[in-house]
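The values are calculated or read from the model by the stated rules, or taken from the named source; none is laboratory data. Worth saying up front: this structure is predicted, and the values here are computed from it rather than measured. In this analysis, Cβ positions are derived from the backbone assuming ideal geometry, glycine residues included, and neighbour counts consider all displayed protein chains. Remember, those area values only see protein heavy atoms, side chains included, never the ligands or the DNA or RNA. Shrake-Rupley method; radii C 1.70, N 1.55, O 1.52, S 1.80 Å.
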Amino acid sequence: MDKGSNLERVLGMVWRPQEDVFVFSMTFREDLQRLMDESVVPTKRQVLRLVMSVFDPLGMIAPFVVHGKTIIQEAWRSGIVWDEPLPADIVPRWEKYVKLLGTLDMVKIPRCYFPGYSAGAYDSLELHVFVDASSTAYAAAAYFRIVDGGKIRCSLVSAKTKVAPIKLLSVPRLELQAAVIGTRLMKSIIANHTLQIKRKVLWSDSSTVLNWLRSDPRKYKQYVAFRVTEILDETEVSDWKKVPTRMYVADEATKWGHGPCFEEQSRWFKAPEFLYKPECSWPEEAVESTTAEELRMVHVHQLPPTQPVIEFKRFSKWERLTRTVAFVLRFG
């Protein structure tokens, strides 16, 4: 516990026991605090120090953290040295980032998933995982859903994000990577909770990925085949559903836009609106029956029919046949 305060630090976050909420402390060292001034253009080294000072082990503010990492990646790709200021084209994104950084201390996350829940509410516990990818990052966000006294309640459990690799990958491959980390996140949540999860549902807006999961992995290239196999080792095809992009929540972490919204009632913390409705009202979108993406190449060898130069049946002796063949090869 911090001396002279009623706060406790837990895995980089601050716990306020009186309110029973987690918050994030945005108090940095003096040299880092100066970088919070939007008029200061930091060096690549200073950007790395500040971005890595925000520790979020559970992914509660993952949409914010991952975009700081994309700025580091952009600075790296620009070719500047460690103590050189950020290029002018990256500075506007940095200014937006530090402006939002100063507001993170207002974020409050209840320690309990469902405060004041009834005893039988967890009998209906469901785990919903949303995965998404863009050209810059891919992410997974997991939510618990219960029916408590006839009222549906949802809560953010954890999230996982990664910056897209510098080596260019197609968006379908990145979407598949998002499905992989979503599966691993689901597995970790189940393993680290004593709660009995009655049902798990994984959501993606990629028809290509869902089609890969519904097909024989051996049809596809190794990159796709191995990852599809890993996903299907932990989930069933029926666990995966398609959701329209406009209803999606994981894109909060993959698309910057105007910046993530961390208000208490935002969809990032409370889950998409459709989860608060009965299952019959959930979006249903058809998935393509086939896809040509990443199909493994098949080599077919075909020999054209040929007519024999010599009629072998006309020879009754082997020596005469071989002598004739030799003459044909010699003068042919």
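A few remarks follow.
- Test: residue in region 137-154 that is in contact (Cβ under 8 Å) with a residue 24 or more places away in the chain, touching a strand residue (DSSP E or B) at 6+ places or on another chain (Cβ under 8 Å), of a type in the set (Phe, Trp, Tyr) and closer than 20 Å to Ile231 by Cα: yes
- Sole residue being under 30 Å from Arg218 (Cβ atoms), of a type outside the set (S, T, N, Q), part of a loop (DSSP other than H, G, I, E, B) and touching a residue at least 60 places away in the same chain (Cβ under 8 Å), chosen from Glu293, Glu284: Glu293
Residues are listed down the side, and each one gets a yes or a no for (1) farther than 30 Å from Val21 by Cα; (2) out of contact with any helix residue (DSSP H, G or I) (no Cβ under 7 Å at 6 or more places or on another chain); (3) assigned to a loop (DSSP other than H, G, I, E, B):
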{"residue": "Trp212", "(1), (2), (3)": "yes, no, no"}
{"residue": "Asp233", "(1), (2), (3)": "yes, yes, no"}
{"residue": "Val249", "(1), (2), (3)": "no, no, yes"}
{"residue": "Pro260", "(1), (2), (3)": "no, no, yes"}
{"residue": "Gln307", "(1), (2), (3)": "yes, yes, yes"}
{"residue": "Leu321", "(1), (2), (3)": "yes, no, no"}
{"residue": "Val325", "(1), (2), (3)": "yes, yes, no"}
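- Boolean, Lys162 is closer than 30 Å to Pro85 by Cα and either basic (Lys, Arg) or in a loop (DSSP other than H, G, I, E, B) (or both): yes
- Counting only residues that are in a helix (DSSP H, G or I), farther than 16 Å from Phe274 by Cα and touching a helix residue (DSSP H, G or I) at 6+ places or on another chain (Cβ under 8 Å), region 235-247 holds 1 of them.
- Candidates are the residues of region 11-36 that are open to solvent by less than 80 Å² (accessible area, probe 1.4 Å) and part of a loop (DSSP other than H, G, I, E, B); the one that is nearest to Pro85 (Cα to Cα) is Phe28.
- Residue within region 74-97 that is at positive phi, touching a strand residue (DSSP E or B) at 6+ places or on another chain (Cβ under 7 Å) and open to solvent by less than 70 Å² (accessible area, probe 1.4 Å) present: no
- Qualifying position, being under 17 Å from Ala178 (Cα atoms), at pLDDT 80 or above and open to solvent by 20 Å² or more (accessible area, probe 1.4 Å), among Glu279, Glu234: Glu234
- Residue satisfying condition, being over 18 Å from Thr254 (Cα atoms) and at pLDDT below 90, within set Asp105, Asp56, Asp89, Asp83: Asp105
- Counting the residues of region 220-229 that are surrounded by 15 or more Cβ atoms within 10 Å (Cβ to Cβ) and not β-branched (Val, Ile, Thr) gives 3.
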